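Down below is the structure, laid out as C-alpha cells.
Here, each number is a calculation from the coordinates, and none is a lab measurement. Small disclaimer: the values here were computed from a predicted structure and weren't measured. All Cβ positions, even for glycine, are placed from backbone atoms using ideal geometry, and neighbour counts span all protein chains on display.
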Amino acid sequence: MKDTEQMLKDMYSQTDNCIRCGRCTTVCPTYAATKREPMVARGRVRLAREYIEGALGLSEKLKLYYDLCLGCNACLEVCPPRIKVADLINMLKVQIIQKEGLSFADRVVLKKILAKPQNFRKVMTLLHFNRQVGTTNLLPLHLKEKVKILPDMPKGSIKSLYDNKPGEQKGNYRVGYFVGCLTGAFFPDIARDVVKVLNYHDCNVVLLPQAVCCGLPHRVSGDLQESRKLARKNIELFKAYLVDYIVTDCGSCGHALKDYNNLFEGADNIAGDAAAFSKKVCDINEFLVDIVGLKAGERALDGRRVTYHESCHLNRGQRVSRQPKQILQAIHGLEYVAMPEADWCCGAAGSFAFKHQDMARRILARKINHIKQTGAQYVTAGCPACLIQLGYGQREFKLEYRVKHPVQLLAETIIG
C-alpha cells in the first residue's frame, strides 16, 4: 500500500500539467460565489504546488482555501489534462493531519460520533430534542443558524428493518443494503422504501446493523487512518454474508464504497477483498435500471410535477445520472421536468454546509432559482445530504416543494 508521501508525490506530478486555461472558472461553485483565484481549481493547484515545494508556509488562510473546496469535481469534467484537484487537496489534508493532528472538535466528531452510526443518531436526536424545547435558542447566533439546516427527526425508526433476518426471503439476488448515517438518522422512510422496492424486484435483502460509516467524512478531512479502519470493518462484514450485490441509496456512500479498492491499493492483506467488495457496490437507481430491470408499480401518481437534482458524488463520482431520471419517467402519471444546471452543486458537500454556511447558502441560492424555474412540486435527489440541503432551501426561501429520493416515489406506485 502506498504511503501518503508517495501518494502526494504522484498527485504533485499532475500539477505540472495545468495549462492555466481557466475552464475551471466556468464551473466552480465557490469561484462563482466569490470571483477569487484561490477559490478555483487553477488557484488551488498553484497554492498546493507552492506549499509542497516549500515556497509557501502552512497558514490558517491556506488551510481554509483547501477546506473551501466542495470536492464536487466539476473542474475535472472540463480540465483538458484531467487534474484531480479534489484528490490533491485531500492528500494535502492527510499530510497536514499527520503533522498537526486533528483538532479536539474533529477528533470528537470523526472518531466518536461519525465512526458509529448509532452514536450519530443519538447526537442528532438529542439536538432535535433541544431544538423542540427551545434550548438551542441559547446558542450563539452562528451556531443557531447551523442547527436550522437540519430537518426534524422522523417519528419512526430504522430499528424495525433490522429485525428482517438474512436468508428468510427468497429472491433472484441476495442484496446487502448499506444504510448510510444520514439515511439511518433522518430518512428511515427512504430505507423502508428501498427494502420495499428491492423485495418487489425479487431480491433477498440483507440488512446489517453492524455496518459502520463508509469513511468518506474521515477521508476528505485528512484522517486516512480512520477511513481505512472503517472501510476494513465494512469489507470484512459484508464478505461474511456472501451477498451478490451491495446497494446503497446515498450517492456519497456509494462513491466511497466503490473506491475501497483504491483506498487499499497495494495492501497485500486486504487489497483483493477490497476490490471484490467495490465491484459489488451499486447505487439503488443503478441497480434497479441496469441490473434487475426496472418495474414500476401499478399505482399512477397523477398530477405531480417532479424535477431531479444531480448529486455530485452520484453523478460525477459514480457516473449515475441516467438511471434516476429513467425511474421517474417510468412512473405513470408523473410529469418530469428537467432542471436547468441540474448538475450544479447544491452546497451540501457533506459537512461543508455546516462548516461554511455562508458560502453554502450562496451556492444554494443559485440552485433554488433553478428549482423555481421548473415549477416542480417535488425535488428529488439521490443523496440524503442533498435532500437535507434542498429541504433547508425550501424552508429558508419559503417555497412549496417537497424533497424525495426517486425510490420513494417508485415505492408509492407499488400496491400492497
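Brief remarks follow.
- Rounded to the nearest 10 degrees, the inclination of helix 224-240 to the longest alpha-carbon principal axis of the chain is 30 degrees.
- Point-charge dipole on Cβ atoms (K/R +1, D/E -1) for the stretch 159-291, about Cα centre, debye to 20: 300 debye
- Per residue, the chain reaches -14000 deg cm²/dmol at 222 nm when only DSSP H runs of four or more residues are counted, each adding -39500 (n - 2.57).
- Listed residue pairs exceeding 26 Å between alpha carbons, taken from K99/K239; K93/K159; K148/K233; K155/K295; K63/K111; K159/K233: K99/K239; K93/K159; K148/K233; K155/K295
- This ranking places L207, L390 by how few other beta-carbon atoms lie within 10 Å of each, fewest first, which gives L207, L390.
- Distance (nanometres) between label positions extended 7 Å along Cα→Cβ at D106 and A300: 5.5 nm
- Lys, Arg +1 and Asp, Glu -1 on Cβ, resulting dipole of the chain about Cα centre, debye, nearest 20: 840 debye
- Crossing angle, helix 271-280 versus the chain [Cα axis fit, 0-90 degrees, rounded to tens]: 50 degrees
- Projecting the Cα atoms of L294, A275, L242 onto the charge dipole of the stretch 240-314 (Cβ charges, centred on the Cα centre) puts L294 farthest toward the positive pole.
- C-alpha long axis of helix 41-53 to longest principal axis of the chain, angle in °: 50 degrees
- Counting only Cβ charges, +1 for Lys and Arg and -1 for Asp and Glu, the dipole size of the stretch 297-412 around its Cα centre is about 280 debye.
- Cross-link partners of K398 among aspartates and glutamates, defined as those whose alpha carbon lies under 19 angstrom from its own and excluding same-chain residues fewer than eight positions apart: E145, D152, D358.
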